[in-house]
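Quick notes on the structure that follows.
Each reported figure results from applying straightforward, stated rules to the coordinates on display, with no laboratory input. Small disclaimer: the values here were computed from a predicted structure and weren't measured. Cβ: placed from backbone, ideal geometry, glycine included. Neighbour counts: every protein chain shown.
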Amino acid sequence: MTLKIYNSLSGEKETFTPIHDNSVGMYVCGPTVYSNVHLGNVRTFMSFDFIYRSLVHLGYKVRYVRNITDAGHLTDDGDVNNDRFVKQSRLEKLEPMEIVQKYTVDFHKVLEVFNLLPPTIEPTATGHILEQIELTQKLIEKGFAYESKGSVYFDVLEYNSRGLNYGELSRRNIEELFANTRDLDGQSEKKNPQDFALWKAASPAHIMRWNSPWGEGFPGWHLECTAMSTKYLGERFDIHGGGMDLKFPHHECEVAQGKACNGVTPVNYWMHANMLTMNGQRMSKSTGNYILPMELVSGSNEFFEKPFHPTIVRFNFMQAHYRSVLDISNEAMVASEKGFQRLMEAMKVLFNSNFPAAEVSSFDLKVWKEKCYTALTDDFNSPILIAHLFEAVNFIFKLKDGKETITENDLQELKTLMSDFVFDVLGLQNIEENNNEKLDQTLQVLIDLRNQARKSKNFDLSDQIRDRLLAEGIELKDGREGTSYSIS
Ligand code: AMP
Ligand code: ZN
């Protein structure tokens, strides 16, 4: 079966052909570990976890590199004083590398909670300073970069003057880019505002600094990914992924660096995952429109009416295609919870029941299997795959009621396929006996009893219910819409 992947570079779905037989090299931009990852970040990493799992399931040997950005990622205006790590370390009164450690640990914990597999290599930017210096030197030698006041910049106009096209990935026109950019303070050392930093000179106050041929400084964010992907996957590799918002300038710069350095386009298939939104707005730390993953799981947030198990969140995310925008909502999460419970119920029936042996199956397993694989190999279409899984779910319940039949061979294959798709490919996990649902129902009973006690002015009892729950780590919160709870 051929795998089709939507390639952002061509804007089309293309047949996937790896460079080396059955081996796939995949690089995904990792987090900038200066604060907690939000739920939006988790969605992107989960999208690529699903893609990774799918590739492995389809029989590819995957080298999956996802880096940790622990230096060099400046805030938007590119001002050296806005190094995210330095800023955060001042705020928290910690060393920058303590900030890095703290949020790397948080990142790993969160991804584990949502059942993401670790990448096969997880390099850090600070562990590859030498490689970045070497690449910078190479770009200077080839005339694509210039030094200015201890910093080194990539010369975008020079790149284009050699018949190359800065803007090819994000489909931007360089003239428009130039017309739309102001020359911000601190950027005057560049020949052109679109030139981007490969190496930045460190001001005396800048704590994160390394020696280089151009004096003490630190690497530019775009070059980090080129250095690490080239080192572990080669000058040209199969798949590069990241969130849609990284396409420009980050990935555009990676294309330019790769082509300028090695004369080849660095990546065959560029994949971009779409954004998670909340209230219709992109989830983002800087606007404050965000929710932390653990706040959703514990219920300590204002947005959701109750806590949701991480695998429900995962199921909810998987119900959208990775290239579609997904707006989170309480209703959708509740619907996902119901759907997930039905799926797990069917799995239980499938694995624990004895069905009478039949001569023929009333379910065309071969056709169904093909439909599932068609969805999976059609640019990793998880929502369509899930829709097909629910056809099997309906069949399983009919089988239980004796309204359908299945042969022994088909039953075994159905078990294998359902288990592969549900657990290995989608990465869902069986929640023990709907514990979440039972707990929720129990707490709703207690909330009702407390409200009744309050109505009849029995405040001793109502306070007792609240305080005893609090002692167990369950906090009741009275709001305009009624009482909700959170579990710490
Ligand atoms: P950062 O740590 O800021 O580099 O972000 C880590 C990853 O999360 C990147 O691939 C971003 O594109 C992605 N990302 C950021 N915001 C969102 C969002 N609202 N929805 C989905 N992915 C996001
Ligand atoms: Zn990157």
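Mind ordering 268-276, 284-292 by average Cβ neighbours within 10 Å, highest first? Before the final figure, lay out the partial values.
Details: 268-276: 21.6, 284-292: 14.3.
With the highest mean Cβ count within 10 Å placed first, the list reads 268-276, 284-292.
Suppose R0 equals 35 Å; then what is the FRET efficiency for GLN441 and VAL325 from their Cβ-Cβ distance, rounded to the nearest 0.05?
Efficiency at R0 = 35 Å is approximately 0.60.
Could you go through the range 353-369 in sequence order and give the Karplus-derived ³J(HN,Hα) for each residue, using 6.51 cos²θ - 1.76 cosθ + 1.60 with θ = phi - 60°, rounded to whole Hz, and x for Gly and Pro?
Computed from phi, the couplings for the range 353-369 are 9, 9, 8, x, 4, 10, 6, 10, 9, 8, 10, 7, 4, 5, 5, 4, 4 Hz.
Of the listed peptides 24-31, 52-59, 441-448, 353-360, what is their order by residue-averaged count of other C-beta atoms within 10 Å, with the highest listed first?
On the way: 24-31: 25.1, 52-59: 17.6, 441-448: 13.8, 353-360: 10.1.
In descending order of packing, they fall as 24-31, 52-59, 441-448, 353-360.
Mind scanning LYS149/LYS285; LYS109/LYS200; LYS338/LYS398 and naming the pairs with a C-alpha gap bigger than 24 Å?
On the way: LYS149/LYS285 33 Å; LYS109/LYS200 32 Å; LYS338/LYS398 19 Å.
Check vs 24 Å cut-off fails for LYS149/LYS285; LYS109/LYS200.
May I ask for the distance between the Cα centers of the range 189-239 and the range 422-488, given as a whole number of Å?
Cα centroid to Cα centroid, the span is 50 Å.
At 222 nm, what helix-only mean residue ellipticity would the chain give, in deg cm²/dmol to the nearest 500, using -39500 (n - 2.57) for each DSSP H run of four or more?
-14000 deg cm²/dmol
Cβ under 14 Å from GLY150's Cβ, GLY150 left aside: what net charge do those residues give with Lys, Arg +1 and Asp, Glu -1?
+1
By average Cβ neighbour count within 10 Å, what is the ranking of 238-246, 161-169 from highest down?
The peptides rank, most packed first, as 238-246, 161-169.
Place a point 7 Å from the Cα of PHE423 along the Cα-to-Cβ direction; which residues of the range 103-141 have their backbone N under 16 Å from it?
Under 16 Å, as judged by backbone N against the label point of PHE423, lie 115-117 of the range 103-141.
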